[in-house]
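All of the numbers you see were taken from the coordinates with simple rules; none came from a lab. In this text, all values refer to a predicted model and were calculated from it rather than measured experimentally. No Cβ is skipped: glycine too gets one built from the backbone with ideal geometry, and neighbour counts run over all protein chains shown.
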Amino acid sequence: MNHHSSDSRRSAGKRQFATTQWSIVLSAGECVGGGPGEEAAAAALSMLCEDYWYPLYTYVRRRGYPVAAAQDLTQAFFVRLLEKESLRIADPQRGRFRSFLLASLNHFLANEYDRTQAKKRGGGRRRISLDLAAGESRWDRVAVDHLTPERAFEKNWALTLLQGVVGRLQAEFEAGGKGRQFELLRDGLTGDRERLDYKTIAAELHITAESARQNAHRLRKRYRELLREEVARTVALECDVDEELASLLAALGNG
């Protein structure tokens, strides 16, 4: 492929993934080494890492690394990800964003880690704000021994994504002055919707039970919309969304 074709494909990719995780990676890759907008691109990628670090941390732990080493590795991986030239060749056409991160992590574990130097990595460099202590606490609560590192990663990726969707949905309702309505109806998002006590909910909200039921229906519909939107931000093409949704739901059933 000639230089012009490569530039054209990259420009098209930037337009296509304007609101996706991939667009952040592409932008950061173009700015590695002091390019225009480097600070903003690095900040965006840093925020993305802060959102999705935990599934990768659980993967490292399940690979057998003890707590301190896993924490150092996770931090070092993301620090180096922001600095490495590999961001320049990240290709969204290859598939899922989570697959890119996991492949990058495996490369890092296989080729970049010197145990005696782990704590020195990142010294004097930009560090990413990861709540690693809280991550270990979550690990203690949800660890399931029979899951492989890959399955644990997939499950925790799905959980992280769903938590983000619920957070967005809650923020929307709170912005509209309906925070209490969300709290009363949120159990119907993923659980047994028929267990919601619509009469009690209606009484607290000063509406009819039928209105409460309709509000619950609209809440679930918006949840599904946001879920699909969030999944779409992590894949290369729109046609990949359904497959990725099915994969994530299957991962939630593991363990």
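Quick notes
- Residue-span extension gain [Thr200 to Gln163] - 0.36 nm each, minus C-alpha spacing: 10.7 nm
- Take the Cβ atoms of Ala171 and Arg228, set R0 to 25 Å, and the FRET efficiency comes out at 0.90.
- √(5λ) per eigenvalue of the Cα gyration tensor, segment 142-255, largest first, Å: 30, 17, 12
- Length added when fully stretched, Arg80-Arg218, from 0.36 nm per residue minus Cα-Cα: 45.4 nm
- Distance between the pseudo-spin-label points of Asn106 and Thr190 (7 Å out from Cα toward the beta carbon): 2.6 nm.
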